[in-house]
């Protein structure tokens with residue numbers, strides 16, 4: 001697509017805003033299909049020439065049709081030519097489906113959108129409020145933008161080791177401490193499918209003069225079925241990130257960034273940031289998958305979700321009956337930080353089996369070739385798709401019950417200790433200064449009191465324990481060591497064994 005298509009943000013309806021009947025179309029997918037299969041002679045990139053010049057193994061693995069559709073940008077009738085182009089119409093249809101003012105297709109995942117939002121909203125010297133268990137790409141975005149953050153702690157379930165959402169009251173306190181904050185970034189839903197009170201958080205943020213940005217990566221299907229929480233854009237959020245590939249069904253690495261009609265955001269600045277971060281060779285396959293996934297969600301989403309939600313309810317009931325296992329979800333709604341939940345997530349507390357979630361997940365893989373999305377010390381998390389195949393879900397309860405029966409041990413698995421003040425850290429320098437500053441690797445026991453150059457989160461649970469610019473504490477070191485001993489891995493750590501950690505050179 002041309003630079004102007006990425007930097008000029010037309011007003012709603014100025015391109016191809018069509019009636020609701022336009023949702024059954026997929027203009028970008030149709031355009032690359034028309035070009036890819038009509039036999040055009042290609043003297044342009046990519047070098048495989050629609051598959052004819054590709055390795056035979058790749059052709060057999062992907063299929064010739066996929067390679068024929070792997071076309072570059074700037075093809076007449078796809079993303080250049082009279083406006084609105086098929087590409088422009090596709091993004092506008094996505095905006096219409098989500099009731100957004102503008103939408104951008106992302107080919108580097110939600111990470112690209114988070115980076116763009118930081119560049120647009122958190123420039124050098126500015127400060128935003130950021131939920132502590134936000135995606136690591138937001139911290140990376142601050143490294144890129146030079147902005148700073150006042151971190152707000154999520155609610156925490158110490159019994160299960162699960163971080164939930166931020167409450168409006170906690171967000172209000174953080175914003176009061178950050179009077180010039182340009183934006184507040186929160187997560188809803190969480191990895192575990194728990195949704196925050198977005199509507200109240202939006203009211204709090206707007207009262208403070210800040211935009212509310214919601215990491216809705218795990219909730220791209222929200223708002224498309226009455227049993228699901230509403231989309232954050234419908235609840236007053238100014239912008240959302242939607243990882244369309246996670247549940248809605250586009251290809252891996254594709255996502256969307258959407259903004260509301262809001263005077264708290266500069267859509268032009270966001271568009272320029274998206275262009276800055278976008279490859280000049282974006283994948284047509286990824287963007288076509290976004291166009292198609294949007295169409296399926298908008299046209300057939302409610303029917304597909306109805307079937308999946310019903311099948312999930314039966315599976316959830318059967319798993320909950322397995323001795324030692326408890327399925328958690330809607331029963332937590334109303335607790336602090338939880339205003340709703342996603343029935344396309346099955347979260348199983350396995351502690352009463354005497355086994356850890358890591359052990360049960362490994363046994364499911366070994367015995368039945370079943371792969372779960374997430375295993376923690378206490379839980380398993382299963383993620384269902386928009387059009388989840390029902391038969392594997394029906395088999396799951398039997399396979400799970402047989403696995404637990406073979407593994408059963410008396411007593412509960414020990415809990416991981418959450419260190420005191422796990423979400424309270426001393427920020428010494430901005431993330432950018434720490435990440436780009438002169439650093440050195442030191443033994444972790446010698447790092448206490450030093451300033452971290454790294455972003456380290458125990459995964460799972462995925463809550464950042466240490467960020468660039470924060471002072472290393474003995475409690476954090478003990479917590480990360482306990483996580484690794486239990487089977488978790490350290491996301492972002494330069495030394496995954498956690499024998500050393502990178503800190504700023506001590507200039508004293």
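No value in this document is a laboratory result; all are computed from the given coordinates. If you're wondering where the values come from, they're calculated on a predicted model, not measured in any experiment. Every residue, glycine among them, receives a Cβ derived from its backbone with ideal geometry; neighbour counts consider all protein chains shown.
Quick notes
- By the beta-carbon count within 10 Å of each Cβ, the least crowded to most crowded order of 156, 191, fewest first, is 156, 191.
- For the chain: relative contact order, % (alpha-carbon pairs under 8 angstrom, 6 or more apart): 14 percent
- Centroid-to-centroid separation of the range 443-485 and the range 118-172 [C-alpha atoms, Å]: 17 Å
- Antiparallel content of DSSP bridges confined to the chain, in %, to 5: 70 percent
- Within the range 63-215, DSSP assigns beta bridges of which about 15% are antiparallel (rounded to the nearest 5).
- Candidate values (i) 40, 26, 19; (ii) 41, 32, 18; (iii) 36, 30, 24, label of the one derived for semi-axes √(5λ) of the Cα gyration tensor in Å: (iii)
- The Cα center of the range 186-243 and the Cα center of the range 377-413 differ in position by 29 Å.
- Here the label points at residue 399 and residue 58, each 7 Å from Cα along the C-beta direction, are separated by 3.3 nm in the simple model.
- Cβ-Cβ distance of residue 276 and residue 158, R₀ of 41 Å, FRET efficiency by 1/(1 + (r/R0)^6): the value works out to about 0.50.
- This ranking places 390, 472 by how few other beta-carbon atoms lie within 10 Å of each, fewest first, which gives 390, 472.
- At R0 = 56 Å, FRET efficiency that the Cβ-Cβ distance of residue 300 and residue 443 yields, to 0.05: 0.50
- Listed peptides 475-485, 213-223 by packing density, highest first (mean Cβ within 10 Å): 213-223, 475-485
- Fully extending the segment from residue 41 to residue 227, taken as 0.36 nm per residue of separation minus the present Cα-Cα distance, adds 62.0 nm.
- Among beta bridges that DSSP assigns inside the range 252-383, antiparallel share in %, nearest 5: 90 percent
- Ordering 58, 304, 171, 277 by the number of other Cβ atoms within 10 Å of each residue's own Cβ, fewest first, gives 58, 277, 304, 171.
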